[in-house]
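Q: Below is one structure. I have some questions about it.
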């Protein structure tokens, strides 16, 4: 699996074998009875200026990966190598809260819910300048106000709206405020956790276009988490598909979309609705059954219980990500012949 | 583009536009003035030494000479109610504030930090809540002896636990909100998150709790006083007067009714004021007001 997350120039983030497990306690003495393997050995990298789309259905661990990278939750094992503006590469996993603090100005996050992600008691100006207050405490009130107004204009709002409160804005405008907050400290990497899933379709497009414009202007890298491929396809350079805590496929967005290889990716793409209802998909795939509980993951390939192409050896071996064509990686024994 | 109101301007607009809040604010302010200036307002001296001068006119109904009548000692009820304001308001406000402060500290520490801190503090809360609150208050006051200090201690120790529980559950839900996550992701420390994000969002509940607490405290103090564990009889609180007045309520209802009305009016005033304050401090309400 060299190349998936191998050290190469221009990567600003290298995630290697990231595992996030939660113990499950039960009984009077709270004995540990099991483990939820929310993220079970995920590896990928993000290049400077690139957008990586991370997709999968609800509960597959994509948000957990994001929070693990941000170190908002504890990571069980693995490495998260982040390259700072100064060109230093730091592993974020062993850092504590204090060690993480200086790096937080370079990695920021956009949240899913534009309502709960803004403190209702703060004015929008105060919300946007919170990262500034933490990382640049020396800023004068005037400089701070100028910066807030500049940020508001960058995300398509008006500077004088800074003293308004979140409840006076629509969902799309609130999400723009969230984006302005994420940009306040001029980060290198922005994790967007389903930033448009709570918005109307017409507003979704506006916010995605805004994010693309900002990426060009500031040279940002995005990890764009979403549960559907249709949203991600437009903005992403590469797409990584997750299923039950594992990556099953990763590759350039256009190729993955036009020619999915992993059976799960194929099913996911055939589930994307077509704008024209008279068009029939010849290769429509429907998955049978439910996603298994992450408490009792199937042995071997996690997808084998729902896979139309599963064979006997799928139960014995967890398929590794294998490069099937340049820069395309698939974890499947059948279609990629991995482990053969 | 309308100009934003500062909390002070909003407060003024709220007072001038909302008659109940205005009444509450005026009433609470008047009560504080009366408490401070009581000896100058009261027309007759209150206390044992004044008994001799009024002997023979016990349980006199209200008249121009004695606005609220006299009690079975012959003391002027109006003067006693005025003097009682001082001890009642003082104990009500200070004991409520103390138990709120302790409850908020416990609730925030417990809810925000969790783990063993949460376990220890919540078991302690359980112990306090396991006793009927009045029984616990009496127990503490009795073991400490009578006097104002022991009333404070008894009311505070028995009063913080409910607030602590309430604040803990508020903090638990607020802690999981995305804006708190965003503050952590921005690099904010625990102090900043607690004081800038969590406490301001608890404020409306805390104000309502506090105004309710004042009523409960005044009534608990009255019960303590009735048992002889409260304020000394040289400076009787309203509670003491109500309970002693009950002995003669058939012949002379005015002895109990006036201090009881004073308690009711005081609790109402603080509740109205509290409701108004809660709205004034909520950004969402500022446009409506």
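The values are calculated or read from the model by the stated rules, or taken from the named source; none is laboratory data. Note that the structure is predicted; figures quoted are calculated from it, not measured. Using ideal geometry, Cβ is built from the backbone for each residue, glycine included, and neighbour counts are taken over all protein chains shown.
Q: Taking the condition under 26 Å from the mean Cα position of the chain (by Cα) and facing chain B (nearest Cβ under 8 Å), does residue A:163 pass?
A: No, not satisfied.
Matching residues to (1) within 14 Å of residue B:257 (Cα to Cα); (2) surrounded by fewer than 23 Cβ atoms within 10 Å (Cβ to Cβ); (3) modelled with pLDDT under 75:
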residue: B:62; (1), (2), (3): yes, yes, no
residue: B:65; (1), (2), (3): no, yes, yes
residue: B:87; (1), (2), (3): no, no, no
residue: B:91; (1), (2), (3): no, no, no
residue: B:98; (1), (2), (3): no, yes, no
residue: B:101; (1), (2), (3): no, yes, no
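Q: What do you reckon, is residue B:154 touching a helix residue (DSSP H, G or I) at 6+ places or on another chain (Cβ under 8 Å), surrounded by 20 or more Cβ atoms within 10 Å (Cβ to Cβ) and at pLDDT 90 or above? Break it down into steps so the answer makes sense when it comes.
A: On the way: touching a helix residue (DSSP H, G or I) at 6+ places or on another chain (Cβ under 8 Å): yes; surrounded by 20 or more Cβ atoms within 10 Å (Cβ to Cβ): yes; at pLDDT 90 or above: no.
So residue B:154 does not fit the description; no.
Q: Next up: Among the candidates A:71, A:79, which residue alone is without any contact (Cβ under 8 Å) to a residue 60 or more places away in the chain and either outside any loop (DSSP other than H, G, I, E, B) or in contact with a helix residue (DSSP H, G or I) (Cβ under 8 Å, 6 or more places away or on another chain) (or both)?
A: Criteria check complete, one pass: A:71.
Every residue, every condition in (1) closer than 24 Å to residue A:61 by Cβ; (2) buried (at least 19 other Cβ atoms within 10 Å of the Cβ); (3) touching a strand residue (DSSP E or B) at 6+ places or on another chain (Cβ under 8 Å), yes or no:
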| residue | (1), (2), (3) |
| --- | --- |
| A:136 | no, no, no |
| A:145 | no, no, no |
| A:149 | no, no, no |
| A:154 | no, no, no |
| A:174 | no, yes, no |
| A:183 | no, yes, yes |
| A:190 | yes, yes, yes |
| A:200 | no, no, no |
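Q: Would you mind telling me which numbered condition in (1) touching a helix residue (DSSP H, G or I) at 6+ places or on another chain (Cβ under 8 Å); (2) more than 26 Å from residue A:327 (Cβ to Cβ); (3) within 14 Å of chain B (Cβ to nearest Cβ) residue A:154 fails?
A: So residue A:154 meets the others, but not (3).
Q: Assuming residue B:117 fulfils every condition listed in (1) under 30 Å from residue B:42 (Cα atoms); (2) without any contact (Cβ under 8 Å) to a residue 12 or more places away in the chain apart from one, which condition is it?
A: Looking at each condition in turn, residue B:117 falls short on (1).
Q: Please go through (1) within 14 Å of chain A (Cβ to nearest Cβ); (2) at pLDDT 70 or above; (3) not in a helix (DSSP H, G or I) for residue B:5 and return the number of the only condition it doesn't satisfy.
A: Evaluating residue B:5 over (1) within 14 Å of chain A (Cβ to nearest Cβ); (2) at pLDDT 70 or above; (3) not in a helix (DSSP H, G or I) leaves (2) as the failure.
Q: For region A:99-111, what are the residues that are surrounded by fewer than 21 Cβ atoms within 10 Å (Cβ to Cβ) and at the interface with chain B (Cβ under 9 Å from one of its Cβ atoms)?
A: A:100, A:101, A:102, A:103
Q: Among (1) over 22 Å from residue B:104 (Cα atoms); (2) surrounded by 20 or more Cβ atoms within 10 Å (Cβ to Cβ), there is one condition residue B:198 misses while meeting the rest; what is its number?
A: Every condition holds for residue B:198 apart from (1).
Q: So, in region A:90-120, of the ones that are without any contact (Cβ under 8 Å) to a residue 12 or more places away in the chain and outside any helix (DSSP H, G or I), which residue ends up farthest from residue B:281 (Cα to Cα)?
A: A:94
Q: Hey, can you tell me all the residues within region B:205-223 that are crowded, with 19+ Cβ neighbours inside 10 Å and over 30 Å from residue B:245 (Cβ atoms)?
A: Once the filter is applied, which keeps residues that are crowded, with 19+ Cβ neighbours inside 10 Å and over 30 Å from residue B:245 (Cβ atoms), region B:205-223 yields B:206, B:207, B:209.
Q: Next question. Looking at the structure I just gave you, is residue A:182 closer than 20 Å to residue B:186 by Cα, under 25 Å from the mean Cα position of the chain (by Cα) and within 11 Å of chain B (Cβ to nearest Cβ)?
A: Yes, satisfied.
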